[in-house]
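Below is one structure, written out as structure tokens; comments come after it.
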Amino acid sequence: GDVGGFVHHDFANPGLMYANPTLSTTTSLDFAELSPAVVVRAGNGESPRFGRSTDGGTTWTAAATEPAGVTGGGTVAVSADGARAVWAPAGAAVSWSGDGGATWTPSAGVPAGATVESDRVDPARFYAYAAGSFYSSVDGGAAFAASGAVGLPAQGNVRFRALPGVGGDIWLAGGDTVGGVYGLWRSTDGGAS
């Protein structure tokens, strides 16, 4: 808490905390694997709660708008090529932007509060997870569909990541350690199984 984020090009001369937007806590940060100078972040604090950098985090541009109802940072993901962002803010619908946050459009088929991630290779593919269901999008986050994957944890601390450099390879871990489903899962087909 109380840390918005930093970029360090020289550890002997640390930089200042991220600004524009200035966030009390960065809750999520992602970079575009095929265009690594593009970084997005979301966090808690005053509006706007989303920022985009095109120079590896040295400078930031705050979103001009937010989806209606945002109360906190939530999670954010940027496409592999850096062209689109999908944001799952607290208090609002999962939404996507293709213009750096100037406008946001609600994503169809995914519940509010989901955790979002991007495929590290395919710019059109995004993933989401909520309450035991895994979702994927093949159209840049405009629409998501629940996969047929079963047996995933419906509660507890669950996190997932797409494997760098390999399309559709996802690792999911966590769950409920007291009487629930808990473990580690891998999908090599974009979360379909």
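The values are calculated or read from the model by the stated rules, or taken from the named source; none is laboratory data. Since we're looking at a predicted model, the values are computed, not measured. Glycine also receives a Cβ, built like all others from the backbone with ideal geometry; neighbour counts cover every protein chain displayed. When the accessible area is computed, the model is the full protein with side chains, heavy atoms only, and any ligands, DNA or RNA have been set aside. Shrake-Rupley method; radii C 1.70, N 1.55, O 1.52, S 1.80 Å.
Data table
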read-out: Any hit, segment 14-27, residues being out of contact with any Cys (no Cβ under 7 Å at 6 or more places or on another chain), assigned to a strand (DSSP E or B) and within 25 Å of Arg125 (Cβ to Cβ); value: yes
read-out: Single unsatisfied condition, Trp171 versus (1) open to solvent by 60 Å² or more (accessible area, probe 1.4 Å); (2) among the aromatic types (Phe, Trp, Tyr); (3) touching a residue at least 24 places away in the same chain (Cβ under 8 Å); value: (3)
read-out: Residue selected from segment 180-192 under the condition open to solvent by less than 90 Å² (accessible area, probe 1.4 Å) and in a loop (DSSP other than H, G, I, E, B), by the criterion modelled with the lowest pLDDT; value: Gly180
read-out: Ala130 being open to solvent by 30 Å² or more (accessible area, probe 1.4 Å), within 16 Å of the chain's Cα centre (by Cα) and either closer than 19 Å to Val76 by Cα or modelled with pLDDT of 95 or more (or both); value: no
read-out: Gly148 farther than 30 Å from Asn20 by Cα and either surrounded by fewer than 20 Cβ atoms within 10 Å (Cβ to Cβ) or over 16 Å from the mean Cα position of the chain (by Cα) (or both); value: yes
read-out: Only listed residue being modelled with pLDDT of 95 or more, aliphatic (A, V, I, L, M) and within 30 Å of Val166 (Cβ to Cβ), chosen from Val94, Val7, Val70; value: Val94
read-out: Complete set of residues in segment 1-36 that are free of Cβ contacts under 8 Å to residues at least 40 places away in the same chain, of a type in the set (Val, Ile, Thr) and touching a Gly at 6+ places or on another chain (Cβ under 7 Å); value: Thr22
read-out: Residues satisfying the stated conditions in segment 156-169, i.e. part of a loop (DSSP other than H, G, I, E, B), in contact with a strand residue (DSSP E or B) (Cβ under 8 Å, 6 or more places away or on another chain) and modelled with pLDDT of 95 or more; value: Leu163, Gly168, Asp169
read-out: Yes/no for Pro153 being open to solvent by 60 Å² or more (accessible area, probe 1.4 Å), at pLDDT 95 or above and outside any strand (DSSP E or B); value: no
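Table: residues versus (1) more than 17 Å from Val76 (Cα to Cα); (2) out of contact with any Pro (no Cβ under 8 Å at 6 or more places or on another chain).
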position	(1), (2)
His8	yes, no
Phe11	yes, yes
Leu16	yes, yes
Thr25	no, yes
Leu29	no, yes
Val38	no, yes
